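Student: Got a structure for you, written out below as C-alpha cells; questions coming shortly.
The values are calculated or read from the model by the stated rules, or taken from the named source; none is laboratory data. All values reported here derive from a predicted model rather than from experimental measurement. Heads up, the Cβs are rebuilt from the backbone with ideal geometry, glycines too, and the neighbour counts pull from every protein chain shown. When the accessible area is computed, the model is the full protein with side chains, heavy atoms only, and any ligands, DNA or RNA have been set aside. Shrake-Rupley method; radii C 1.70, N 1.55, O 1.52, S 1.80 Å.
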Amino acid sequence: MIKLINVSKSYLKNIEILHDINLYIEAGEFVSLVGQSGSGKTTLVKVLIGEERVGGGRVIIGDWDITRISKREVPYLRRQIGVIFQDFKLLPKKTLWENVAFALEVCGQSPAKIEKIVSSVMRLVGLEDKKNRYPHEVSGGEQQRTAIARALVHQPKILLADEPTGNLDSINANEIIDLLERINKFGTTVILVTHNREIVNQLKKRVITIDNGKVVSDQEKGKYLL
Amino acid sequence: MLLSFVRIVKFSIQDISRNVWLTIATVTILVLALFSVNVLLTVEMLSRHAIEAVKEKVDISLYLKSDASEEQISSLRSQVSQMSRVKKVLYTSKADALRFFREKNKDNPEVLTALRELGRNPLSPSLIIMPNSADEAPMLIDEIKKMDSDIIESRDFADNALILEKINGITNKVKEVGLFIISIFIFTSMLVAYNSIKVAIYTHRREIEIMRLVGAPNTFIYLPFVFSGIIYALMSVLIIIAIFYPFLGLLQPYLEVFFMDYNINIINYFLDNFWVIFSLQFVAVSLISVLSSWLAIRRYARV
Ligand SMILES: Nc1ncnc2c1ncn2[C@@H]1O[C@H](COP(=O)(O)OP(=O)(O)OP(=O)(O)O)[C@@H](O)[C@H]1O
Ligand SMILES: [Mg+2]
C-alpha cells in the first residue's frame, strides 16, 4: 500500500530532515509512528499527502508513484488519503454537519449524495445527535471525531493521523484511538503519529520509531522506545 | 457542472460580503477609472461634433451695395451658382435682412427704437455662398476674392481654419491629460483589486487549507476569486451607468448653450451606443480585475 524507498528530504540546502527512509506498509495495517519533536514525523506525513516533494528516493501509494506528483494530480491523491491533525481544522462558523459536508461540496458532489454520505460517517463516529452544533459547542474529542468523519467522506484507503490526541485528555484520547481501531477494522490503513507512550503501549501494534530523520526501529507489536 | 458553478458563485458572494469595505474600495476605484474613461469619451465625441459643425459652417458672404438692382443681383447670383465648387447660394434681400435683424434684436428695444428713428432700411442685401465641401473652401475663397463686380460692397470669409486648429489643440490636450489620468486609474485599480483578493484569500485561508486537504480541485479553490473579480467589474459598470446619465443630464443644458445651432445631444449619443460603450467597458474592467485577482491567487493561494 505504501512504499518509501531510500527517501530523503531537505527544506533548506545542506540540512537534511529525512535520511534514506525505507518503509513498507501493507494495506489494512495499523502503524504507530513515534519520535521526538523535530525528528521529521510531520514532514513524512506531508510527503505522503503530496504537500512536500522528496529530494531523493521514491514514494509509492498503492500502485501510484507520487514522487514527482504534479499540482494538478494532488487533489486526486488527497481523495484517497484522509488526514487529521492535532488542531482539528474545523470551520468555526459551520456546524459539525456542515463541516463534513463542505469536503464533499467543494469536490462537486450532489446534495443527495452529500446527505447520504455525511449521515453515514456521522453515525460511524457517533455524532448524529450533535450534528447541528458548532465546533465551540462540543468537546475536543467530539471536534476530532468530526474531523475524522470529514477525512472519511471519500472512503480513503489510508487514514493519516498526525498527533490526533495531542490536545485531548486521556479519556477523549482513548475514544479517538478506539475509533481509529474501528476504522482500521473496516480495512482502512491507519498511520498514527503520536507522542503518547501509554497509547502506543496499549495498542500492541506495529511501531516505527524515527530519530533525527532516520528509522531507528520497526517492530511488530512494538513498544514506545524513546 | 452547474452545481459546481452555483457553489463557486455562492462562495464568491460570501467572500465579497465578508469583506464589504474592501469591496467598496475596489468598486469605487474602478468606478473612478470608468468615470474618467467616459468623460474622455464625451470630450472626444463633442470635439468631433464641434469640428464637423464648424466645417459645415464654412460659408462666404458677399455684401452687396444697397442700391444694386434686382437684375444685377440675380445675374451675380447665377454667375456664382455656376462656379464648380459652389453647392448653394442663398440670397438675403434688404427686406429679409431687416426682418432677420428685427427678429434677432426683438428683446432689445433700444436697437429697435434706433432703427425706427432712422426711418429707412440701413442693411445691405447679401449672398451667402456654401462650398461643396469644407475642403474646397480655401480654393473657392480664392476664386471669390478674384471676382470682379460693381455691386459687391464687401466680402466676408469666416476664418474656420483657425477655429478648427484651436478645437483640435484643446481636444488633443484633453486627450493627453485624460489618457494619463486613465492610466493612473488603471494602475491603481489593479493594485486595489490585487489587494482585495489578497485579503479575501487571507480571510479564507482556513477554507482554502481544508479544501486542499480534502482534495478539492484547484479550479474550485481559485475560481471563486476570479469570479469575485468579475463581480467587481459588473458592479462598477452598473454604478457608472447609474451615475453617468444624470451627470450628462447636468451637462446637457450647458452644451446646448455652447453648441447652440448644432443640436448636440450627448445623452442620446450614450443611449444609442449603450451596448457598445458599456459592454466594452465591462470587458476591459473584467480583464483588469481578473488579471489582478489571478496574480494575487498565484501568489497567495499557491494554486
Ligand atoms: N517548512 C519548513 N522549512 C524548514 N524547516 C522545516 C520546515 N518544516 C519543518 N522543518 C524542520 O524539519 C524538522 C522536522 O520537522 P517535523 O515537523 O517533521 O517534526 P515532527 O517530528 O513532526 O515534530 P513534532 O513532534 O514537534 O511535531 C524540524 O527540525 C523542523 O524545524
Ligand atoms: Mg509534527
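Student: Using the Karplus curve 6.51 cos²θ - 1.76 cosθ + 1.60 with θ = phi - 60°, work out ³J(HN,Hα) for each residue of the range A:207-213 in order, rounded to whole Hz, and write x for Gly and Pro.
Tutor: Calculated HN-Hα couplings, in order: 10, 10, 10, 10, 9, 6, x Hz.
Student: So, one more: Restricting things to Cα coordinates, could you compute the convex hull volume per residue of chain B in Å³?
Tutor: Value for chain B: 178 Å³ per residue.
Student: Show me, bin by bin at 10 Å from 0, the whole-percent P(r) of the protein assembly as shown based on Cα pairs.
Tutor: Each 10 Å bin holds this share of Cα pairs: 3, 13, 16, 14, 10, 8, 7, 6, 6, 6, 5, 3, 1, 0.
Student: Can you pull out the buried accessible area for chains B and A, both sides counted, probe 1.4 Å, rounded to the nearest 100 Å²?
Tutor: Using a 1.4 Å probe, the pair buries roughly 1800 Å².
Student: On to the next question. Do the alpha carbons of any pairs in A:Lys89/A:Lys131; A:Lys94/B:Lys10; A:Lys9/A:Lys221; A:Lys3/A:Lys46; A:Lys157/A:Lys205; A:Lys46/A:Lys71 sit beyond 21 Å of each other, and which pairs?
Tutor: On the way: A:Lys89/A:Lys131 17 Å; A:Lys94/B:Lys10 15 Å; A:Lys9/A:Lys221 28 Å; A:Lys3/A:Lys46 15 Å; A:Lys157/A:Lys205 19 Å; A:Lys46/A:Lys71 14 Å.
The answer is A:Lys9/A:Lys221.
Student: Counting only DSSP beta bridges with both residues in chain A, what percent are antiparallel, rounded to the nearest 5?
Tutor: Taking every DSSP beta bridge with both residues in chain A, the antiparallel ones total about 50 percent.
Student: Set Lys and Arg Cβ to +1 and Asp and Glu Cβ to -1, take the dipole of the range B:58-157 about its Cα centre, and tell me which of B:Ile73, B:Ser133, B:Phe101 lies farthest positive.
Tutor: My answer, from the dipole projection, is B:Phe101.
Student: Ok, one more. Under a Cβ-Cβ cut-off of 11 Å, what is the net charge of the residues other than B:Ala97 that fall near it, where Lys and Arg count +1 and Asp and Glu count -1?
Tutor: Neighbourhood net charge equals +2.
Student: Now for a separate question. Does anyone have the angle between helix B:70-81 and the longest principal axis of chain B? Alpha-carbon axes, 0 to 90°, nearest 10?
Tutor: Relative to chain B, helix B:70-81 is tipped by roughly 40 degrees.
Student: Could you work out the pair-distance distribution P(r) of the range B:58-157 from its alpha-carbon pairs, with 10 angstrom bin width and percents rounded to whole numbers?
Tutor: Calculated P(r), rounded to whole percents: 15, 43, 28, 14, 1.
Student: Residue farthest toward the positive end of the dipole of the range A:46-135, with Cβ of Lys/Arg at +1 and Asp/Glu at -1: which of A:Val118, A:Pro92, A:Gly82?
Tutor: Of A:Val118, A:Pro92, A:Gly82, it is A:Pro92.
Student: Please compute one quarter of the surface area of the Cα convex hull for the range A:157-199 and express it in square nanometres.
Tutor: With every direction weighted equally, the projected area is 2.8 nm².
Student: Using unit Cβ charges (K, R positive; D, E negative) and no other charged atoms, how large, in debye to the nearest 20, is the dipole of chain A about its Cα centre? Can you show the working numbers first?
Tutor: Working: 33 positive and 27 negative charges, 95 e Å.
For chain A, the charge dipole is close to 460 debye.
Student: Report the longest stretch of chain B that contains none of the trypsin sites (Lys or Arg not before Pro) sitting in a DSSP loop with at most 14 other Cβ atoms within 10 Å. Before the final figure, lay out the partial values.
Tutor: Numbers: sites that count: B:Lys57, B:Lys106, B:Arg120, B:Arg302.
The longest uninterrupted stretch comes out as B:121-301.
Student: Same structure, new question: How large is the charge dipole for the range A:144-226, taken about the Cα centre, if only the Cβ atoms of Lys, Arg (+1) and Asp, Glu (-1) carry charge, to the nearest 20 debye?
Tutor: 300 debye
Student: Which one, B:Asn263, B:Val43, B:Thr203, is farthest towards the positive end of the dipole of chain B when Lys and Arg carry +1 and Asp and Glu -1 on their Cβ?
Tutor: Working it through, the farthest residue towards the positive pole turns out to be B:Thr203.
Student: Work out from phi, with θ = phi - 60° and the Karplus expression 6.51 cos²θ - 1.76 cosθ + 1.60, the ³J(HN,Hα) of each residue of the range B:14-31, listed in order in whole Hz, and give x for Gly and Pro.
Tutor: 4, 5, 5, 6, 6, 10, 3, 5, 5, 4, 4, 4, 4, 5, 4, 5, 5, 5
Student: Something else now. With equal scatterers on the alpha carbons only and no solvent term, can you work out the Debye log10 of I(q)/I(0) for the range A:5-53 at 0.15, 0.17, 0.29 1/Å?
Tutor: So the normalised log intensities work out to -0.43, -0.55, -1.37.
Student: Applying 1/(1 + (r/R0)^6) with R0 = 25 Å to the Cβ-Cβ distance of B:Gln72 and B:Ala161, what FRET efficiency is obtained, to the nearest 0.05?
Tutor: 0.20
Student: For the range A:183-226, what is the accessible area per residue in Å², given a 1.4 Å probe and the full set of protein chains?
Tutor: Averaged over the residues of the range A:183-226, the accessible area is 54 Å².
Student: Further question: Using unit Cβ charges (K, R positive; D, E negative) and no other charged atoms, how large, in debye to the nearest 20, is the dipole of the protein assembly as shown about its Cα centre?
Tutor: That gives the protein assembly as shown a dipole magnitude of about 2380 debye.
Student: Taking a cut-off of 23 Å between Cα atoms, list the lysines near B:Lys87, but don't count ones fewer than 8 places away on the same chain.
Tutor: B:Lys55, B:Lys57, B:Lys145, B:Lys146
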